[in-house]
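Following: one structure in structure tokens, then a few remarks.
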Amino acid sequence: MRIIHGGDIYSKDIKYDFSANINPLGMPERVKKVICENIRLFERYPDCKCTSLKRAIADKENVSEKNIVCGNGASDLIYRIVRTICPKKALLIAPTFSEYEKALIQNNCNIEYYYLSEKYNFIIKEDILDKLVEKDIIFICQPNNPIGNVTDGKLLKKIAYKCREKNIILVVDESFLDFVPEYWQYELKAFGDYVIILKAFTKIYAMAGLRLGYLICMNKNLCEKIEDCGQCWSVSVPAQIAGEVALKESAYIEKTVNYVSSERNYLTENLKDLGFKIYPSESNFLMIKTNIPLDDMLLKEKIAIRNCDNYVGLGKGYFRIAVRTHEENEILIKALERIIKTWQKQ
């Protein structure tokens, strides 16, 4: 499978990037300021234990610092988890974030797929519980990428209980959960030592270039092993400094959730009016379906979206569109109107 992600603005002439799901409000101003004010510290090696950052995360998440591992983004931690556990059999949702599969394949793990049905808008159903036998690990993206829907909280707990019963490690990737109103009803961080929660500063704080993520697990021994599995200085000085300040931006998060919800509704309504099939989302992106080659045609408008044809469980015709600022969203809609007119004339 071709591993392609959004955000490729380097090999193409892109002015408006809707392919990467980053907070449209950008990085918090206080985070930018603290980075600039501490440039002199970048001459030092980073704290390989992320001591101060872990303390800040522990305060926010109400867990012990010993239950936290920091990494070079959530993707770094995905590979560390797999290398540490060395699973032989895994269950993967399809479609979902491709790095889970890549990490498992690199470690010679056999993968069984739980295919989501378009009939049910690609939502995880209770029949997934039947698949939780003779497995070592399962990854669930919450909300799921590229659809943006959330797994029902009650079902998620049933999955967690089944994983405990069958000794299966449950990895819940919450990289996009901060965009979901009342996100706490889906949290599982204190559910047991067989659950690993992944978090990222990449999306909600628009810190993709700084590379910062962390995991929470109640199994302290497993946390130590995962931490030792990575390179010593995986989290840079600017990332650690920025992370501490970002964690204090509660008002920024609230503003983001309200803004993204409003703009997601705006995009949904306008995309439906243009005739596109839209799948329900509670995150900062939407998945649509059309027979128009939107990615190629939008490139002529210097706009990038995510072609989803390389996701397991999908095929041609699916595209993911990030929720951007209102001005950018208006530009996208107008560009799509022109594309549809051009397509209809062909």
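Being over 17 Å from the mean Cα position of the chain (by Cα) and either of a type in the set (Lys, Arg) or assigned to a helix (DSSP H, G or I) (or both) is the filter here; which residues of the stretch 92-108 pass it?
The answer is Leu104, Ile105, Gln106.
Of all the residues that make up the stretch 59-91, how many are closer than 21 Å to Thr202 by Cβ and in a strand (DSSP E or B)?
4
Whether any residue in the stretch 54-73 is surrounded by fewer than 19 Cβ atoms within 10 Å (Cβ to Cβ), closer than 29 Å to Tyr194 by Cα, without any contact (Cβ under 8 Å) to a residue 12 or more places away in the chain and in contact with an Asp or Glu (Cβ under 8 Å, 6 or more places away or on another chain) is what I want to check.
Yes, the stretch 54-73 contains at least one residue that is surrounded by fewer than 19 Cβ atoms within 10 Å (Cβ to Cβ), closer than 29 Å to Tyr194 by Cα, without any contact (Cβ under 8 Å) to a residue 12 or more places away in the chain and in contact with an Asp or Glu (Cβ under 8 Å, 6 or more places away or on another chain).
From the list Tyr266, Tyr311, exactly one residue is among the aromatic types (Phe, Trp, Tyr), in contact (Cβ under 8 Å) with a residue 12 or more places away in the chain, buried (at least 22 other Cβ atoms within 10 Å of the Cβ) and over 30 Å from Cys48 (Cβ atoms). Which is it?
Exactly one of Tyr266, Tyr311 is among the aromatic types (Phe, Trp, Tyr), in contact (Cβ under 8 Å) with a residue 12 or more places away in the chain, buried (at least 22 other Cβ atoms within 10 Å of the Cβ) and over 30 Å from Cys48 (Cβ atoms), namely Tyr311.
For the stretch 110-121, check the following and say yes or no: at least one residue is within 15 Å of Val171 (Cβ to Cβ) and in contact with a helix residue (DSSP H, G or I) (Cβ under 8 Å, 6 or more places away or on another chain).
yes
Could you check the stretch 153-180 and list, in sequence order, the residues that are hydroxyl-bearing (Ser, Thr, Tyr) and more than 25 Å from Lys88 (Cα to Cα)?
Ser175, the sole residue that qualifies.
Tell me which residues, restricted to the stretch 210-251, are among the β-branched types (Val, Ile, Thr) and part of a strand (DSSP E or B).
Start the filter on the stretch 210-251 by keeping residues that are among the β-branched types (Val, Ile, Thr), which leaves 216, 226, 235, 237, 241, 245.
Selection gives Ile216 alone.
Scan (1) aromatic (Phe, Trp, Tyr); (2) outside the structural domain of Pro143 (by TED's automatic domain parsing); (3) touching a strand residue (DSSP E or B) at 6+ places or on another chain (Cβ under 6 Å) for the single condition Tyr214 breaks and write down its number.
Every listed condition holds for Tyr214 apart from (2).
Of all residues in the stretch 143-179, which are part of a strand (DSSP E or B) and within 17 Å of the chain's Cα centre (by Cα)?
Of everything in the stretch 143-179, those that are part of a strand (DSSP E or B) and within 17 Å of the chain's Cα centre (by Cα) turn out to be Leu170, Val171, Val172, Asp173.
For the stretch 23-46, which positions are loosely packed, with under 10 Cβ neighbours inside 10 Å and under 29 Å from Asp178 (Cα atoms)?
Cys36
Restricting the search to the stretch 282-308, which residues are within 14 Å of Val323 (Cβ to Cβ) and part of a loop (DSSP other than H, G, I, E, B)?
Selection gives Glu282, Ser283, Asn284, Ile305.
Search the stretch 180-209 for residues being among the aromatic types (Phe, Trp, Tyr) and in a loop (DSSP other than H, G, I, E, B), and hand back the single one that is nearest to Lys33 (Cα to Cα).
Checking each candidate, the answer is Tyr205.
Across the stretch 282-308, which residue is surrounded by the fewest Cβ atoms within 10 Å (Cβ to Cβ) among those that are of a type in the set (Asp, Glu) and closer than 22 Å to Asn145 by Cα?
Of everything passing the filter in the stretch 282-308, Asp296 is surrounded by the fewest Cβ atoms within 10 Å (Cβ to Cβ).
Would you mind finding the one in Phe139, Phe122 that is in contact (Cβ under 8 Å) with a residue 12 or more places away in the chain, of a type in the set (Phe, Trp, Tyr) and part of a loop (DSSP other than H, G, I, E, B)?
Phe122
Please work out if Ile147 is touching a Pro at 6+ places or on another chain (Cβ under 9 Å), within 15 Å of Val195 (Cα to Cα) and surrounded by 22 or more Cβ atoms within 10 Å (Cβ to Cβ).
Details: touching a Pro at 6+ places or on another chain (Cβ under 9 Å): yes; within 15 Å of Val195 (Cα to Cα): no; surrounded by 22 or more Cβ atoms within 10 Å (Cβ to Cβ): yes.
No; evaluated as a whole, the condition is false for this residue.
Give the residue that is farthest from the chain's Cα centre (by Cα), with candidates limited to residues of the stretch 269-279 that are in a helix (DSSP H, G or I) and without any contact (Cβ under 8 Å) to a residue 40 or more places away in the chain. If you could, list the steps in order and put the result at the bottom.
Start the filter on the stretch 269-279 by keeping residues that are in a helix (DSSP H, G or I), which leaves 269-273.
From what's left, without any contact (Cβ under 8 Å) to a residue 40 or more places away in the chain: 269, 272-273.
Working: Glu269: 24, Lys272: 25, Asp273: 28 Å.
Step by step, filter the stretch 269-279, then rank; the result is Asp273.
Hey, could you check the stretch 113-128 for residues that are surrounded by 14 or more Cβ atoms within 10 Å (Cβ to Cβ) and within 21 Å of Glu165 (Cα to Cα) and say which is nearest to the chain's Cα centre (by Cα)?
The extreme case among them is Ile124.
For the structure I just gave you, tell me whether Arg338 is surrounded by 21 or more Cβ atoms within 10 Å (Cβ to Cβ) and basic (Lys, Arg).
Considered against the rule, which asks whether it is surrounded by 21 or more Cβ atoms within 10 Å (Cβ to Cβ) and basic (Lys, Arg), Arg338 comes out as no.
Where the second residue is assigned to a loop (DSSP other than H, G, I, E, B) and of a type outside the set (Ser, Thr, Tyr) and the first is over 12 Å from Val245 (Cβ atoms) and in the same structural domain as Ile204 (by TED's automatic domain parsing) and lies in the stretch 28-46, which pairs have Cβ atoms under 9 Å and are six or more apart or on separate chains?
Tyr45/Cys232; Tyr45/Trp233; Pro46/Cys232; Pro46/Trp233; Pro46/Val235
The values are calculated or read from the model by the stated rules, or taken from the named source; none is laboratory data. None of the values given here were measured: they were computed from a predicted structure. Methodologically, a virtual Cβ is constructed for each residue, glycine included, from the backbone with ideal geometry; neighbour enumeration extends over all protein chains shown.
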